[in-house]
Amino acid sequence: MTPEQIFQWLGAGSELTFTTGIVVALAFVIASFVLIPRTLIALAAGALYGIATLPIGIVATAIGAIGAFLIARYSAAGYVQQLVGRSAMTAKIAHAVDTEGWKIVALVKLGAPIPAAVSNYIFGMTRIGLWPFSWATLVFSAPQTILFGCLGAAGRASLVQDSGSTGGKVLLVLGLLCTAGVVYLISKRTRASFNSISE
């Protein structure tokens with residue numbers, strides 16, 4: 001596919017309808033159960049349908065996380081306990097959650113070095129209540145969803161509007177680099193805080 005075809009495809013515009021909204025929501029929900037990076041889904045949703053997908057992504061991420069949490073707590077406890085026991089890091093997370101509660105959920109959701117799906121299952125095996133886990137997940141998963149959703153939407157807008165402009169492309173690259181730098185700094189700080197608590 002040539003750059004011109006990509007610009008035409010993006011410019012054709014995909015409208016966020018009820019059906020496509022359900023598909024986007026399901027993608028976010030599924031990412032809470034399996035090892036699919038939520039950031040890629042947020043980027044794709046933003047690029048395809050714009051910032052209107054942000055509330056869908058935030059709510060669907062929380063719903064999926066709650067579902068995985070409940071499965072770990074009530075249906076697959078034995079399997080998840082074996083999973084937690086195999087890794088020193090996951091065992092530390094479980095212990096830290098029992099001690100610090102929602103604060104660890106917040107740190108993990110902001111950028112700890114563990115996949116979201118795995119953390120959802122681990123949290124289900126701890127003593128944290130469903131309500132603290134739910135609101136902490138909703139609030140602290142939102143920044144990444146918003147960031148990457150907006151990045152996808154901005155990338156689409158830049159490609160469509162400035163497809164022939166070198167200056168537009170340079171600004172897009174600079175924006176991507178700045179965004180990546182912000183994400184890196186936040187993740188680094190979050191991981192350092194997380195490691196200090198779980199040691």
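Only the coordinates and a few stated rules stand behind these numbers; no lab work does. Remember, predicted model here, so these are calculated numbers, not experimental data. Every residue, glycine as well, gets a Cβ built from its backbone with ideal geometry; the counts of neighbours run over all protein chains shown.
Taking 0.36 nm per residue of separation and subtracting the Cα-Cα distance, what length does fully extending ILE114 through THR99 add?
Gain on extension, ILE114 to THR99, equals 3.5 nm.
What are the ³J(HN,Hα) couplings of the stretch 119-125, residue after residue, when phi is run through the Karplus curve with 6.51, -1.76, 1.60 and θ = phi - 60°? Round to Hz, x for glycine and proline.
5, 4, 5, 4, 4, x, 8
So for SER75, SER134, fewest C-beta neighbours within 10 Å to most, what's the order?
Least to most surrounded, the residues fall as SER75, SER134.
Provide the FRET efficiency to the nearest 0.05 for the THR19-LEU70 pair, computing r from the beta carbons and using R0 = 25 Å.
0.40
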